[in-house]
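In what follows, a single structure is set out as structure tokens and then discussed.
Values in this text are rule-based calculations from the coordinates and carry no lab data. Computed from a predicted model, the values in this text were never measured in an experiment. Glycine also receives a Cβ, built like all others from the backbone with ideal geometry; neighbour counts cover every protein chain displayed.
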Amino acid sequence: MESQVLVRLKQEEHDRLVAEADAAGITLAALARRRLAGVRVIARTDAALIRELRRLGGLALLAIRTPRLVASGHLVLRDIRRAIAFLSDADAHDR
């Protein structure tokens with residue numbers, strides 16, 4: 001059995017919630033249900049962002065092959081891997 005709840009919102013509240021739902025890849029109703037249930041809603045990771053980080057990782061690998069840039073390349077590559085892992089974990093927790 002389903003029930004409906006009618007909620008009045010100011011236009012700016014509605015716009016903000018719609019934007020949050022869009023960022024999470026869910027409907028406004030799904031956002032409301034999750035919020036009411038106390039579930040944390042996190043924006044989905046932008047696939048384009050991860051692709052860009054991977055591209056930068058490829059450039060860091062090239063830097064590692066350049067004698068003067070080996071140390072810097074390793075540091076950059078480590079940070080890129082951490083960023084991808086963080087974003088992937090945040091996205092997995094939202095599912």
Ranking request for peptides 66-72, 48-54: highest mean number of other beta-carbon atoms within 10 Å first, then the rest in descending order.
48-54, 66-72
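Under the Kirkwood approximation applied to all pairs of distinct alpha-carbon atoms, what is the hydrodynamic radius of the stretch 47-94 in Å?
Here the Kirkwood hydrodynamic radius works out to 11.1 Å.
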Using every pair of alpha-carbon atoms in the chain, split the distances into 5 Å bins beginning at 0 and state the percent of pairs per bin, rounded to integers.
2, 12, 16, 15, 12, 10, 9, 7, 6, 5, 3, 2, 1, 0
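Is the shape of the stretch 1-41 best called rounded, prolate or oblate, per the rule: a/c under 1.5 gives rounded, else a/b larger than b/c gives prolate, else oblate, with a ≥ b ≥ c the square roots of the Cα gyration tensor eigenvalues?
The shape class here is oblate.
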Net charge of neighbours whose Cβ lies under 15 Å from the Cβ of LEU28, counting Lys and Arg as +1 and Asp and Glu as -1
+1
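Want the number for VAL70 to SER88: 0.36 nm per residue separation, take away the alpha-carbon distance, what's left?
Contour length minus the Cα-Cα distance gives 3.8 nm.
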The answer for the chain, counting only DSSP H helices whose Cα atoms cover 27 angstrom or more along the axis and whose Kyte-Doolittle average is -0.5 or greater, is 70-94
R0 of 35 Å, Cβ-Cβ distance LEU59-ASP22: FRET efficiency to nearest 0.05
0.65
